[in-house]
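The values are calculated or read from the model by the stated rules, or taken from the named source; none is laboratory data. Owing to the predicted nature of the structure, the values given are computational and were not obtained by experimental measurement. Here Cβ is always computed from backbone atoms with ideal geometry, including for glycine, and neighbour counts include all displayed protein chains. Heads up: the accessible areas ignore ligands, DNA and RNA and are worked out on the full protein's heavy atoms, side chains in. Shrake-Rupley method; radii C 1.70, N 1.55, O 1.52, S 1.80 Å.
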Amino acid sequence: ATQALLQKGGPPSLVRLRNQPTTTKMETTLLNRPRSSRRRSLVTSIIAGCLALAGLVVFAAQSHVGSAVQTNSRPAVVPFGIASRTLPVFSPIRNGLVSRPTVGKRQTAGRVSIAPLDMKTASVEEMIKKSKDDRITHLEEQAMEALKYAVENSHHEHPVFPCAMIAGDMVILDLLNRLGYVSTGKVQVMFVDTFHLFDETVTFMKETEKRYGFKGNWFHAADCADKEEYDAKHGADLWKVNIEEYDRICKVEPFQRGLKTLQCDCMINGRRRDHGFERAFIDVYESGKMSKINPLAYWTFEDCWDYIHKYKVAYHPLHDKGYPSIGDAKDTVTVPKDKWFEYAGERSGRFTGLKNKDGSTKTECGIHVDGAERTFERDLYIEGKVEKVDINDVAGVKDQILTVYAPWCQFSQAMEEEFIKLAEEDGLGVTVSASRGDEEREVARGLGVEAFPTTFLIKSDGTRIKYPTEDRTVASWKAFIEANK
């Protein structure tokens, strides 16, 4: 620890302490000496170490006092009703002790210099502020390390940050800017316009591009130029009639197409453990064909706002109108301020009134569901005995149990393993096959496909019988085949 202090000029972090070897060379030498001598030497070493630590701590504290910082002319931006909670009377922003780094310039990673508190005279409010500063400093360092890994690791050539303009995403965008990754294009920023966003969201996206000096990559429904064309082709109420199809057209497909277009091999995103149970166990780093970096995984919603206050980061204007998180205008509602910081409180105003196909309450749009990274592969049934059939050839096949799927669909993904097992069964009397239907939607609709996945038993005379349930198991499919022979 003393050696670390001498090298760093400051106290070692918990991480470095945790990584110290359990038995040092000095301890090995002590253990080989007589017990009485060991005790005297150990006591002497402890005293010497304490004196060295005390001297270095005093030196470090003196070096931090009075550190000059650059002021920023931008006004503080504090959302309604949150200032009293996150900015106590003693505030480094209000007292001029810290300032926002100039936008567009790279900031060297390190701790913000503020005067140490006198434990004998410090107030509770000052200690609360100090503890928040210490926490945010640690979280910043961890997040910046993750972002550096995303950009500078030799295995990552095309890192992409899909940004939804919510509070956590603005924190990430600001961190990326401080590291010099945004305006230089080292990280590509991606926006998905669902054609159902708040008008304020689109405006804020464009303002953010100007503020940070970059041009974002915009994606929307593949076959529509604007909302009017979308309504004409799919209907303005598609999200009410078939929410899975809406998610596919407006969110998942543009999202996946964006990642593919940008050749993404490392996706940076703002998922956090406090978003809810579905995300409660995510880590900062997730491996796979496409790595996922979650730099805010261990942050809370309150931490995000503490960072926004600390650095005066611009945020979505709808936060001031009561929206803790902002998605589609059709199903995003305001949430009472006292609920914002509860567990999963940020997303409590999202997907209001929406249900999944299985009747469960909707909490995800399909982009971040379990196994979503597999959608980057852009196909299913790559392995196994399931025969692949081109969607244009389905009308001519016979004696098959065939499923029409979409690789981005969570239900198509969920049944893949079981359907492969079905193909390994003997004595079925039919061939087990699969056809991708999302790339030729009109052809799929002509076959009677209304949603993915849809499974048919195609008899020897070409008659197609649609599988009637969502019980996608080997036993159920076998019973279906036997009943319709």
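Quick notes on this structure:
- A 1.4 Å probe run over the protein chains yields, for segment 174-240, 44 Å² of accessible area per residue, whole-number rounding.
- Straight Cα distances below 18 angstrom link Lys289 to the aspartates and glutamates Glu152, Glu157, Asp265, Asp370, Glu373, Glu377, Asp379, Glu383, with same-chain residues fewer than 8 positions distant left out.
- In summary, the aspartates and glutamates within cross-link reach of Lys206, defined as a Cα separation below 20 angstrom excluding same-chain residues under 8 places away, comprise Asp169, Asp174, Asp193, Asp226, Asp320, Asp328.
- Using θ = phi - 60° in the Karplus curve 6.51 cos²θ - 1.76 cosθ + 1.60, the 3J(HN,Hα) couplings for segment 119-130 round to 4, 6, 10, 5, 7, 4, 4, 5, 5, 4, 4, 5 Hz; x is entered for Gly and Pro.
- If you plug the beta carbon distance of Leu117 and Thr261 into 1/(1 + (r/R0)^6) with R0 = 41 Å, you get a FRET efficiency near 0.20.
- Segment 427-485: relative contact order in percent, alpha carbon pairs under 8 Å with at least 6 residues between: 24 percent
- Accessible surface of segment 193-250, 1.4 Å probe, proportion on carbon and sulfur as whole %: 51 percent
- Multiplying the residue separation of Lys233 and Lys206 by 0.36 nm and removing their Cα-Cα distance gives an extension gain of 7.0 nm.
- If you take the Cα centroid of segment 281-340 and the Cα centroid of segment 424-440, the two points sit 42 Å apart.
- Relative packing of peptides 178-187, 157-166 - highest average C-beta neighbours within 10 Å first: 157-166, 178-187
- Bridge type composition, segment 372-462 - antiparallel percent by DSSP, nearest 5: 40 percent
- Couplings 3J(HN,Hα) of segment 230-237, computed from phi: 4, 4, 5, 7, 10, x, 5, 9 Hz, in residue order, whole Hz [Karplus 6.51 cos²θ - 1.76 cosθ + 1.60, θ = phi - 60°; x for Gly and Pro].
- Rounded to the nearest whole Hz, the Karplus-based 3J(HN,Hα) values (6.51 cos²θ - 1.76 cosθ + 1.60, θ = phi - 60°) of segment 206-213 follow the sequence 5, 5, 5, 4, 5, 4, 9, x, with x at glycine and proline.
- Of the cross-linked pairs Lys132/Lys321; Lys215/Lys310; Lys215/Lys240; Lys233/Lys478; Lys388/Lys478, those separated by over 30 Å at the C-alpha level are Lys215/Lys240; Lys233/Lys478.
- Greater than 28 Å apart at Cα, pairs in Lys260/Lys337; Lys251/Lys385; Lys251/Lys292; Lys292/Lys385; Lys385/Lys485: Lys260/Lys337; Lys251/Lys385; Lys292/Lys385
- Taking every protein chain into account, the accessible area of segment 372-485 amounts to 48 square angstrom per residue (probe 1.4 Å).
- Full extension of the chain segment joining Glu424 with Arg271 gains 51.3 nm, where the gain is 0.36 nm per residue of separation less the Cα-Cα distance.
- Additional length obtainable on full extension of the chain from Asp393 to Asp223, 0.36 nm per residue less Cα span: 58.9 nm
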